[in-house]
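The values are calculated or read from the model by the stated rules, or taken from the named source; none is laboratory data. The shown structure was predicted, so the numbers you read here are calculated from the model rather than taken from an experiment. Counting neighbours? That spans all protein chains shown, and the Cβs are built from the backbone with ideal geometry, glycine included.
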Ligand SMILES: C[S@@+](CC[C@H](N)C(=O)[O-])C[C@H]1O[C@@H](n2cnc3c(N)ncnc32)[C@H](O)[C@@H]1O
């Protein structure tokens, strides 16, 4: 399946539980019986792929990442655009879950960095393979637990309570394009100044899948563009990107 079990060490119970439920539904006694079922019904591979998908996310996840983006990375990227007379900072959130990461970037830009670059718009392309997650991203409605890392004053300004949930307000949801895409097969068109690919390919994909994804991400970056991985992740090979001295999970395209 192109995945590596080691990547699942924190969430393997969740995946095993889903799998057990499926075996029960199908009346398969054990994994050997399930393997036979997979041979008889190739469609089942898609379901199995879905069971192996981990979708945990939250706003401002690993806040040090967003702090570095706000104080250093976004201003530098924006300065470069200004020098070239360009007015769009293009970002890609790869494996965006319910949009928490993409909208965190929009919040950061609207609340903080963007005020110094009024001529520049920060636009985010957010991709995920799971249509259910994208639907929720479209709705912009989140439980309080998704907001727990977000600065309190931003939370109060950007979200309106609706029952037990919180709805992200319109200006922060603007300039985000949601696309259903599997990163193993396709990438969004064009090149980006900033790509976030966190807690997905470089945790759950096998070596081959990681290398292919790394090449795709490198090809989707503008020269001088920045790739951000999850805080415990690293690229399997350098693929034309060099690790940045500011942080081990940061790579820059030469
Ligand atoms: C663990 S979440 C991480 C979300 C976010 N990047 C973060 O760090 O908070 C991983 C997301 O990647 C998506 N995903 C898994 N496999 C994918 C694939 N092959 N292509 C695109 N998205 C994928 C999942 O549906 C899930 O929403």
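So the values come out like this:
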| item | result |
| --- | --- |
| In region 148-197, residue farthest from the ligand (Cβ to nearest atom) [restricted to those that are in contact with a helix residue (DSSP H, G or I) (Cβ under 7 Å, 6 or more places away or on another chain) and assigned to a loop (DSSP other than H, G, I, E, B)] | 169 |
| Residue list for region 200-235, restricted to those being surrounded by fewer than 17 Cβ atoms within 10 Å (Cβ to Cβ) and touching a helix residue (DSSP H, G or I) at 6+ places or on another chain (Cβ under 8 Å) | 224, 231, 232, 234 |
| Index of the failed condition, residue 66 passing every other in (1) buried (at least 16 other Cβ atoms within 10 Å of the Cβ); (2) part of a helix (DSSP H, G or I); (3) touching a residue at least 60 places away in the same chain (Cβ under 8 Å) | (3) |
| Region 78-133, residues that are touching a strand residue (DSSP E or B) at 6+ places or on another chain (Cβ under 8 Å), under 18 Å from residue 154 (Cα atoms) and within 16 Å of the ligand (Cβ to nearest atom) | 99, 100, 101, 102, 103, 105, 106 |
| Selected residue (only one of 167, 198 is at pLDDT 95 or above and closer than 15 Å to residue 106 by Cβ) | 167 |
| Residues (more than 17 Å from the chain's Cα centre (by Cα) and assigned to a helix (DSSP H, G or I)) located in region 123-147 | 139, 144, 145 |
| Some residue of region 52-61 being surrounded by fewer than 20 Cβ atoms within 10 Å (Cβ to Cβ) and assigned to a helix (DSSP H, G or I) | no |
| Residue count for region 15-33, restricted to those that are surrounded by 14 or more Cβ atoms within 10 Å (Cβ to Cβ) and under 27 Å from residue 183 (Cα atoms) | 4 |
